[in-house]
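In what follows, a structure is listed as structure tokens, so that the remarks can point back to it.
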Amino acid sequence: MITVDYHTHHVRCGHAQGQVEEYIKQAIALGLSEIGISDHAPIYWQDGNDPMPNIAMAKDELSAYVEEVLRLKEQYAGRIAVRLGLEVDYIEGAEVECAAMLAPYPFDYLIGSVHYVHGRNVYDAQRWHGLSDPMPIYAEYYRLLAKSAQCGLFDIIAHSTAIIAYAPKPIPQAIEPLQDAALLAIRQADVCLEINTSGYRKLGNEPFPSARMIALARDLGIPLTFSSDAHRPNEVGYARDQVEALLSRLGVTELARFEARQRAVIALAPRVVYL
Ligand SMILES: [Zn+2]
Ligand SMILES: [Zn+2]
């Protein structure tokens, strides 16, 4: 049974609902042992306090965010382990600014995300209109994914196939080598890959990354963790059953957990069966 969820948002980013505490309470109700709070980091590579108010928290919100999560961590100690995380955009060339933003805070873990390719968000449906060949963007996406693992700033690599929920579908034979190269880079960098169940919400049948990539990650020995990417409290633990079934089919018996930037493993607890 999966008892951790390392990827949740809340009202601060401008496009999620509910307070941090509601996500913690939902995790307790589900019987989780750990809940990671990982809202979108401020847009650190652009000027201004709040350059994208519906995408990420304002720059001057980051310290209040950290204080709130640390207070709740204390308050809920003994009932659930609350982990202080952050989902951070990987922007090539802005690694120094990124490190400077993160340095003052005692994070348990950091999630690195590729949302911007050639300076534009891959979730922006407009960019794909009338595009005859999406392959150069896919190639750049997977190159950046590898670099996000290699840059040394992050513990977990986020939703590593999320681009396919927005872009024209690629030919599998063309994209698989790109994905495999990114996984090799993730392995060499010794970072963790999340199984992000927003894939089930956006595609219906698969998490991010695909089952094929999760199987290869297992073969390579890449640590895996569970992430609902909840943007509403009731999405905490989303599609845990499907991921449990997938991991059991793949023979995966443990997930990664994080505390003070140190990775450890947590066994997938046997599911209690009531006869
Ligand atoms: Zn979000
Ligand atoms: Zn997220």
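Please specify each residue of the stretch 172-194 satisfying the condition of being closer than 29 Å to VAL265 by Cβ, in a helix (DSSP H, G or I) and not hydrophobic (A, V, I, L, M, F, W, C). Correct list: GLU176, GLN179, ASP180, ARG187, GLN188. For the residues ALA139, ALA125, ALA167, the requirement of being of a type in the set (Gly, Ala, Ser) and either within 16 Å of the chain's Cα centre (by Cα) or surrounded by 20 or more Cβ atoms within 10 Å (Cβ to Cβ) (or both) singles out ALA167.
Within the stretch 43-66, residues that are under 21 Å from GLY85 (Cβ atoms) reach partners that are among the β-branched types (Val, Ile, Thr) and part of a helix (DSSP H, G or I) with beta carbons closer than 9 Å, at six or more positions or on different chains, in the pairs TYR65/VAL20. Taking the criterion of being within 16 Å of ligand 1 (Cβ to nearest atom) and among the aliphatic types (A, V, I, L, M), the residues of the stretch 213-259 that qualify are ALA230, VAL236.
Would you please name the residue that is farthest from ligand 2 (Cβ to nearest atom), looking only at residues in the stretch 198-233 that are crowded, with 19+ Cβ neighbours inside 10 Å, assigned to a loop (DSSP other than H, G, I, E, B) and among the small types (Gly, Ala, Ser)? By that ranking, first place goes to SER210. State which residue is farthest from THR225 (Cα to Cα) when the search covers only the stretch 1-31 and only residues that are among the aliphatic types (A, V, I, L, M) and either within 16 Å of ligand 2 (Cβ to nearest atom) or within 18 Å of the chain's Cα centre (by Cα) (or both). Checked the stretch 1-31; the qualifying residue farthest from THR225 (Cα to Cα) is VAL11. Filtering the stretch 246-260 to residues that are touching a strand residue (DSSP E or B) at 6+ places or on another chain (Cβ under 9 Å) and part of a loop (DSSP other than H, G, I, E, B) leaves VAL252, THR253.
Scanning the stretch 4-31 for residues that are in a loop (DSSP other than H, G, I, E, B) and crowded, with 22+ Cβ neighbours inside 10 Å turns up TYR6, HIS7, HIS9, HIS10.
Here is a check on your reading of the model: is GLU61 modelled with pLDDT of 95 or more and surrounded by fewer than 19 Cβ atoms within 10 Å (Cβ to Cβ)? Considered against the rule, which asks whether it is modelled with pLDDT of 95 or more and surrounded by fewer than 19 Cβ atoms within 10 Å (Cβ to Cβ), GLU61 comes out as yes.
Residue by residue, here is whether (1) in contact with a helix residue (DSSP H, G or I) (Cβ under 6 Å, 6 or more places away or on another chain); (2) among the basic types (Lys, Arg); (3) more than 16 Å from ligand 1 (Cβ to nearest atom); (4) over 30 Å from ARG271 (Cα atoms) holds:
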position	(1), (2), (3), (4)
ILE2	yes, no, yes, no
ALA27	no, no, yes, no
LEU30	no, no, yes, no
ASP50	no, no, no, yes
LEU70	no, no, yes, yes
LYS73	no, yes, yes, no
ALA81	no, no, yes, no
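When only residues in the stretch 154-164 that are assigned to a helix (DSSP H, G or I) and within 16 Å of ligand 2 (Cβ to nearest atom) count, which is farthest from the chain's Cα centre (by Cα)? Among those residues, the one meeting the criterion is ILE163.
The values are calculated or read from the model by the stated rules, or taken from the named source; none is laboratory data. No experiment lies behind these values; they were computed from the predicted model shown. Cβ atoms come from the backbone with ideal geometry, glycine included; neighbour counts cover every protein chain shown.
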